[in-house]
Structure formats: C-alpha cells, structure tokens
C-alpha cells in the first residue's frame, strides 16, 4: 500500500490548466492520490512547465483536511464526486521554483501560500467579487484537478500569496482553514464584547475559537463530544468555557445548559448573539439554533449531510434567527497573513502530527482515526531544491 506506482493519468495529475509540457525536476515527484473505488495510493506524478501566468512551486507543507478523508472514505462531498484518480490536498505553502511567461508578482525563491480555488474570472459572480461561488472554479484536490499532496505543483501566480519571513510554511498552510473561519466571521458579524458560541473543537472549530477571541467576543463557549479536545481548547485559548455535548440529551436541553454557561438562564439578554457551527452535524446545528439569542445569527461553517430534515423552522422563524452558510472564502489570504505575521492569532499550536511526503498514506490514516488524538496533521517536504 505504501509503495510508489510509476504510472499516472495525465488528465488528473497535471496542473490546473491541464498543461502537457513536462519539466525535469531535481527530485522525483511522489503524490498521494485517491481513486474512484475509495483507495489511496502513492504515485509518481509528472511535473509540468509553468504556462502563461503560472508558477511552478515546491510544495513544502500540506495540511490534511476533513474533505480529503471524505473523498477517500465516501468518494464524494455533496455534488463533488471522485470519478477517477486525483491528487489530494489543498492546504498548502511552498517556494516558487520557476515562473511562466507574464508573471510579474513572483520570482524564484519567493515563499508563498496557495489559495487553492481558481475561479473562471468572467461569470457574474466573479465580476461581483463573489468568486467563491463561481460554478466553474477549478479547486486543487477536487477531481479532476490535481492537489498539493505532491512535491511539485503548477498553480496560477494570481492565486499564490507571498508570506513574510516570520510566518512558517506550517503556519502558511493553515491560512486555508483560517480563511474558512475569516469568511464565516465576516458574514456572521461578531461584535466586540458580545458572547459567542463555537460548536465543534476540531481544527476549524479551534481556529474559530481563537479568531472569535481575537475579534473581541466575550465570553466564548466551545462544545465538543471529546473531552481531550475540550481540554486542549482550554489550554489553547485560556478563559474560554467548554461544554461537552451529549447526544443522549435533546438539542433544547443541551441549549439550556449552554445558555447557563453564558449566565443567560435567568436573563436571555446574555445568550450568545453569534453561533459559529463548525461540525455540520444536524444535532449540533439544531442545538445552536436553540442556544442563540432571539434575533441572533447561526453561521454554519461545517460541512454536513446533503439534506437536514429536523431544523426547528418555526423557532427560527419566530425568533428571527439568521441561519447563514458559507462556501469556502474570498479575499481572505491577505488578512490571514496579517493576522499571523502580526501575532493577532496563533495557529501553530494546532499542528499535532507531521509526516514526510513519502509517508503521506500513514498521515492520512492517522488523521482518519480520531482515537489517535490528532488535531491538524501536516505533510512536509524538506528536500533541498535549487531555483531557476
């Protein structure tokens, strides 16, 4: 299972634009691929010359996302279906090796973070600035577009963001999940000094916890099923309050107990104005709807089932609760880089496991089993590489 297959399908292993001119690299290019029949394998992938407006990068760090596990285990996320071999990975940072024609914002040796979604740039949504909703987005690691779990990757220079020296590759790779949170917080409208509830203490939830505190929300409560993750949350963001979710209790009962932590049992004024729901689990979404203050906002950041049947429609309606959703992010990398470089938020504590690229299968396996205690698993590649 861990051996490298030297065959490849050029359709899925190429750059986002499907370039077919190969580049001779100094090192091999092992890649972690998922198959349509729910398997993962290490495959030697071709390295493409950067075309017009593109840059070839040496991927130094890629974080494993829950979506990578979903594509492996279930073969799909909603309408996104794995129909053939595809290189996984989209939380990435690396170094520019070579620039294609027309690239003026980058040069070889630049350290960059990868914004993985490449929109069409011409549809009405792109023209409105809502490029995250583009129907024709080419997203790294989503079939048929090759992801970043490989040593070398061609990517449009427009979607590569230079990072300062005080931001590590590990931190820069975390800009992708941070971007998800930043987009959610912007749409939710967190307010300084107002209470907030974060549902879920996974990587996104913990990032949301840190971002909510940095945004001035207080008090902040975070929920999860796993006591170890709640203990980590208390050490990661001192002063936060935690609630262990209990599926044996109804959402209404859990919401009442959560409200007590805010001091809202007797005065509902102090109930959370904003809920950042980071699990996508139906029961957690419903709990958030009952926990939020009347007139408040429940922002669903987590990815859940295609259909939810038990949302408390009349409660949401009569309480004028804004139930909102996000799709990835837009224009978040510059703000995220400023947060990390300026010390506004720290994410490096979330990295619990690191694996070399050659052990990517082991990394994905560890990440897929929550009993291993992983929070954020990253795959790193430290081989020396000359710039051209």
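A short reminder: the numbers here are calculations on the coordinates, not readings from a lab. This structure is a prediction, so every number in the text was calculated from the model and none was measured. Here Cβ is always computed from backbone atoms with ideal geometry, including for glycine, and neighbour counts include all displayed protein chains.
Summary table
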quantity: Entry for Cα extents along the principal axes in Å (calculated from the structure that is shown) out of (i) 62, 57, 46; (ii) 62, 57, 37; (iii) 69, 41, 40; calculated: (iii)
quantity: Gaussian network model of the chain, springs between alpha carbon atoms under 10 Å - residue of 94, 280, 205 with greatest fluctuation; calculated: 280
quantity: For the chain: relative contact order, % (alpha-carbon pairs under 8 angstrom, 6 or more apart); calculated: 17 percent
quantity: Least to most buried among 90, 38 (fewest other Cβ within 10 Å first); calculated: 38, 90
quantity: Mean Cβ neighbour count within 10 Å, used as a protection proxy, ranking 243-251, 334-342 highest first; calculated: 334-342, 243-251
quantity: For the range 252-280 and the range 168-184, distance of Cα centres in Å; calculated: 27 Å
quantity: Beta bridges per DSSP with both ends in the chain, % antiparallel, nearest 5; calculated: 55 percent
quantity: Semi-axes of the equivalent ellipsoid for the range 74-192, Cα gyration tensor, largest first, Å; calculated: 22, 20, 17
quantity: Full-stretch length increase - residue 105, residue 26 - with 0.36 nm per residue and alpha-carbon distance subtracted; calculated: 26.0 nm
quantity: Whole-number D in µm²/s for the range 180-325 (Stokes-Einstein; Kirkwood sum over Cα pairs; 37 °C, 0.692 mPa s); calculated: 225 µm²/s
quantity: Tilt relative to the chain, helix 203-214 - C-alpha long axis, 0 to 90 degrees, to 10; calculated: 60 degrees
quantity: Helix axis angle, 251-261 relative to the chain longest principal axis, alpha carbon, degrees; calculated: 80 degrees
quantity: Cα centroid separation, the range 25-103 to the range 300-366 (Å); calculated: 20 Å
quantity: Highest-MSF residue in the chain out of 157, 319, 196 [GNM, Cα springs under 10 Å]; calculated: 319
quantity: Nitroxide proxy distance, nm - points 7 Å out along Cα→Cβ at residue 73 and residue 319; calculated: 3.0 nm
quantity: Cα-based equivalent ellipsoid of the range 335-388: semi-axis lengths in Å, sorted from largest, via gyration tensor; calculated: 24, 21, 7
quantity: Sequence ranges 283-292, 129-138, ranked by mean other-Cβ count within 10 angstrom, highest first; calculated: 283-292, 129-138
quantity: Linear extension gain, residue 338 paired with residue 294, 0.36 nm per residue minus alpha-carbon span; calculated: 12.4 nm
quantity: Pairwise FRET efficiency - residue 192 versus residue 349, Cβ, R0 = 22 Å, nearest 0.05; calculated: 0.35
